[in-house]
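Novice: Okay, here's the structure, questions in a sec.
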Amino acid sequence: MDLCKIKDPSILKDMNTKQLEEFAEETRQFLIENLAATGGHLGANLGVVELTLALHKVYKSPEDRLLWDVGHQSYIHKILTGRGSQFGTLRQYKGLCGFPKRDESEHDVWETGHSSTSLSAAMGMAIARDLKNQTHSILPIIGDGALTGGMALEALNHIGHEKKNVTVILNDNEMSIAKNVGALHSALGRMRSAGKYNRAKDDLEWLLKKIPAVGGKLAQAAERLKDSMKYFVVPGMFFEELGFTYYGPVDGHDFNDLLENLNYAKKTDGPVIVHVMTQKGKGYHPAETDVKDKWHGVGPYKIESGEKIKPVDAPPAWSSVISEALREEARKDDRIVAVTPAMILGSKLEKFGEEFPDRLFDVGIAEQHATTMAAGLATQGMKPFLAIYSTFLQRGYDQVVHDVARQKLNVIFGIDRAGLVGADGETHQGVFDVSFLRSVPNMIISMPKDENEAQHLVHTATHYDEGPFAIRYPRGNAKGVKTDQEKELLPIGSWEVLKDGTDAVILTFGTTIDMAMDASEKLEKEGRSVRVVNARFIKPLDDAMLHDIMKKELPILTVEESVLQGGFGSSILEFASENGYTSPWIRRMGVPDRFIEHGSVQKLWEEIGLTAENMVHHLKEMVPTKQQRA
Ligand SMILES: Cc1ncc(C[n+]2csc(CCOP(=O)(O)OP(=O)(O)O)c2C)c(N)n1
């Protein structure tokens, strides 16, 4: 079958099990071949091929609502709903989004990217459905990893209490990027090994109810019997106690088992949980045998060998640079511990964990808990380093404000993937943390220009004991510069002049420094002398340097790879206003006031005008040439 020609899931309607199996095989090949060129979330999608086909066969999308938690496993759903032909553009600029997108299809009823939101959204949709007297099914599909997220547990609690018709599909592959962790994971393990609960009793109850007059009473008796038996035979008693009817464990690669249980679920009133066992990477040997889940999200690869196609001799990833610097500090100070919300691999903390197995804590997908736990550690004199992606720190904001900063606790925030992240798009761009952290009292915010400065900043942060200290660093590879043997304590709030200039100043930090240097060189050739400052501390500002610049009334261009609203540039405007500097001309470049979609970072920079050319353009307007002045 040509998967690019599928218009909607109705093609599944008349397929028998054998045909479904063949179709599943073709879908797997399609994914393996397409993703070899584009990259993407291969492992999770290979795991849910049969599950997705079965869901679309038993239920009728979009009337029945399928909500993909995290959304990285929605590729088969996209193929079935008419988007197969776009897979060549997956996660590329203006191409198919790697996550559900309401603009793309009416079948994408809920947008995701961050985990653990689907149950709350499903509950909202269920309430709306009931208020409108509608009858469709609502099906959040959530992984065992995403289920560890606090929001999912809050929603489970509410759905069970309200007894709403919501059918939760629990996709249990025992992975959450890395091996899933936690007590809930162990509980699911017991359910997996408990064997299947025979739902025939439910059928009996349903049949008895059909017999007029006596049927109701018999059904009640059967219900009592069923309740007392359940304690002994139902593996999902945990969910049953919360008010859910449990079906499972279901073999997520066996169509007969899947279809039978989904059909039961469809007939069942109230909250239901269908516990489906799947294998991440199923059907592609390199991904199937990958215990570390390096195939969770991949770049292009060679199909035969599974070898990843990567640039040779690239400098180390920023995450490695930071975690290595931390490891060095941790050797000298045993109060240093590392905390990660389910991102040991992404944050490159494996080596830290190997060297200090008792000092690395993976708390699951639980950013709020991770932040407050770090605060708790700090109250006891420990030096927690919370490695967290910028976008996921958004989840822990109240905890940053209320628990960490207010109590002036020494938590170091290693803010990974700061700035535009590229292919993951809107839901993952790390462009808000400067604005949302800058308004928090006691917070130090910094960003290194290269790995040498990074190690000095980690050294400075681990020796700072007056409150929280954030070090931001981008996705991708560092610069490949040499690092000093001796670590330095950088004065808090100190900036660095990278290139002197007398006509104007570019204030910038992190990834945009190279562009600024480039712009300054170009302007130099045209007779404009532009200073470039590495504003490595975003908060506090280098007041002395700013006073000097503003007193001289030099035009200032601020450049940041984060949102302009409330960002670094805003803080420079505030500084001028508060200190009565009315004349300096200050312009800001940064991420505009809208969500930025997926695409390569380079393309996105061009789209939003974050380029050396644009800096040149602004500075030409702001600074007359020597000839013009003469
Ligand atoms: C709030 C949040 N934190 C972290 C992540 C990063 N992340 C993406 S997928 C994933 C694992 C999800 O595990 P699971 O739900 O079991 O899905 P699987 O990939 O195993 O199918 C994580 C931690 C995220 N998307 N959202």
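Novice: With a sphere of radius 10 Å drawn around the Cβ of I142, what net charge do the other residues whose Cβ falls strictly inside it have (Lys, Arg +1; Asp, Glu -1)?
Specialist: Every neighbour counted, the sum reads -3.
Novice: Determine the dipole magnitude for the chain: charges of +1 sit on the beta-carbon of Lys and Arg, -1 on that of Asp and Glu, nothing else is charged, the reference point is the Cα centre, and the result goes in debye to the nearest 20.
Specialist: Dipole magnitude for the chain comes out near 980 debye.
Novice: Follow-up question, since we're still on this one. Just the number, please: carbon plus sulfur as a percent of the accessible area of the chain, 1.4 Å probe, no ligands or DNA/RNA counted.
Specialist: So the carbon and sulfur contribution to the accessible surface is 52 percent.
Novice: Place a label point 7 angstrom from the Cα of E355 along the Cα-to-Cβ direction, then list the residues of the range 470-499 whose backbone nitrogen is under 14 Å away.
Specialist: none
Novice: Once the Cα atoms of helix 255-267 and of the chain are each reduced to a long axis, what angle between those two axes, in degrees from 0 to 90 to the nearest 10, is obtained?
Specialist: That helix lies at roughly 80 degrees to the long axis.
Novice: Charges on Cβ only, +1 for Lys and Arg, -1 for Asp and Glu, centred on the Cα centroid of the chain; of S137, I309, L619, which one is farthest towards the dipole's positive end?
Specialist: So the residue we want is S137.
Novice: Only Cα pairs under 8 Å and at least 6 apart count here; give the relative contact order of the chain as a rounded whole percent.
Specialist: In percent, rounded to a whole number, it is 11.
Novice: With charges set only on the Cβ (+1 for Lys and Arg, -1 for Asp and Glu), what does the dipole of the range 556-630 come to about its Cα centre, in debye to the nearest 20?
Specialist: About 400 debye.
Novice: Arrange the peptides 562-570, 388-396 so that the one whose residues have, on average, the most other Cβ atoms within 10 Å appears first.
Specialist: So the order, starting with the most tightly packed, is 388-396, 562-570.
Novice: With only alpha-carbon atoms counted, please give the Rg and Dmax of the range 497-590, in Å.
Specialist: 12.3, 36
Novice: Report the gain in length on full extension from D14 to T379: 0.36 nm times residue separation, minus Cα-Cα distance, nm rounded to one decimal.
Specialist: 125.2 nm
Novice: Tell me the relative contact order for the range 496-629 as a rounded percent, counting alpha carbon contacts under 8 Å between residues six or more apart.
Specialist: Answer for the range 496-629 is 28 percent.
Novice: For a quick check of your reading of the filter: which chymotrypsin sites (Phe, Trp or Tyr not before Pro) in the range 286-319 sit in a DSSP loop and have no more than 12 other Cβ atoms within 10 Å?
Specialist: Nothing satisfies the criteria.
Novice: Straight-line reach from K551: which lysines have a Cα under 29 Å away, not including same-chain ones fewer than 8 places off?
Specialist: K449, K499, K522, K525, K539, K620, K626
Novice: While we're looking at this one, here's another question. Which whole-number percentage describes the relative contact order of the range 233-315, with Cα contacts under 8 Å and a sequence gap of 6 or more?
Specialist: About 21 percent, as a whole number.
Novice: Quick one: helix 17-38 against the long Cα principal axis of the chain, what's the angle to the nearest 10°, folded into 0 to 90?
Specialist: Between helix and principal axis, roughly 10 degrees.
Novice: From the Cα gyration tensor of the range 413-452, with a ≥ b ≥ c the square roots of its eigenvalues, which class applies: rounded if a/c is under 1.5, or else prolate if a/b is larger than b/c, or else oblate?
Specialist: oblate
Novice: Name the shape class, rounded, prolate or oblate, that the alpha-carbon gyration tensor gives for the chain, where a ≥ b ≥ c are the square roots of its eigenvalues, rounded holds for a/c under 1.5, and otherwise prolate holds if a/b is larger than b/c and oblate otherwise.
Specialist: prolate
Novice: Further question on the same structure: In straight Cα distance, which aspartates and glutamates are under 17 Å from K164, not counting same-chain residues fewer than 8 positions off?
Specialist: Counting by Cα, and skipping residues close in sequence, K164 has these aspartates and glutamates nearby: D64, D130, E154, E240, E241, D269.
Novice: Helix 200-210 versus the longest principal axis of the chain: what is the Cα-based angle in degrees, 0 to 90, to the nearest 10?
Specialist: 60 degrees
Novice: Moving on to the next point. If R₀ is 51 angstrom, what is the calculated FRET efficiency for the pair E288 and R587, using the beta carbon separation as r and rounding to 0.05?
Specialist: 0.45
Novice: Highest first, please rank the peptides 129-137, 421-429 by the mean number of other Cβ atoms sitting within 10 Å of their residues.
Specialist: 421-429, 129-137
Novice: What are the trypsin sites (Lys or Arg not before Pro) within the range 1-98 that DSSP puts in a loop, where the Cβ has at most 11 other Cβ atoms within 10 Å?
Specialist: Sites meeting the loop and neighbour criteria: K7, K13, K94.
Novice: Right, here's the next one. Let a ≥ b ≥ c be the square roots of the eigenvalues of the Cα gyration tensor of the range 277-351; is it rounded (a/c under 1.5), or, if not, prolate (a/b larger than b/c) or oblate?
Specialist: Oblate.
Novice: Between I303 and D130, 0.36 nm times their residue separation minus their Cα-Cα distance comes to what?
Specialist: Extending this stretch completely gives an extra 57.5 nm.
Novice: Of the listed pairs K13/K294; K101/K132; K282/K310, which have alpha-carbon separations greater than 28 Å here?
Specialist: K13/K294
Novice: Also, quick follow-up: What size of dipole, in debye to the nearest 20, comes out for the range 498-601 about its Cα centre when the only charges are +1 on Lys and Arg C-beta atoms and -1 on Asp and Glu C-beta atoms?
Specialist: I would put it at about 100 debye.
Novice: With the other protein chains left in place, how much accessible area per residue, in square angstrom, belongs to the chain at a 1.4 angstrom probe?
Specialist: Result: 41 Å² per residue.
Novice: Per q in 0.11, 0.12, 0.17 1/Å, what log10 I(q)/I(0) does a Debye calculation on the alpha-carbon atoms of the range 318-472 return?
Specialist: So the normalised log intensities are -0.35, -0.42, -0.91.
The values are calculated or read from the model by the stated rules, or taken from the named source; none is laboratory data. Since the model is a prediction, treat every value here as computed from it, not as a measurement. Note that we place each Cβ from the backbone using ideal geometry, even for glycine, and neighbour counts take in every protein chain shown. Each accessible area value is taken on the protein alone, full model and side chains, heavy atoms only, with ligands, DNA and RNA left out. Shrake-Rupley method; radii C 1.70, N 1.55, O 1.52, S 1.80 Å.
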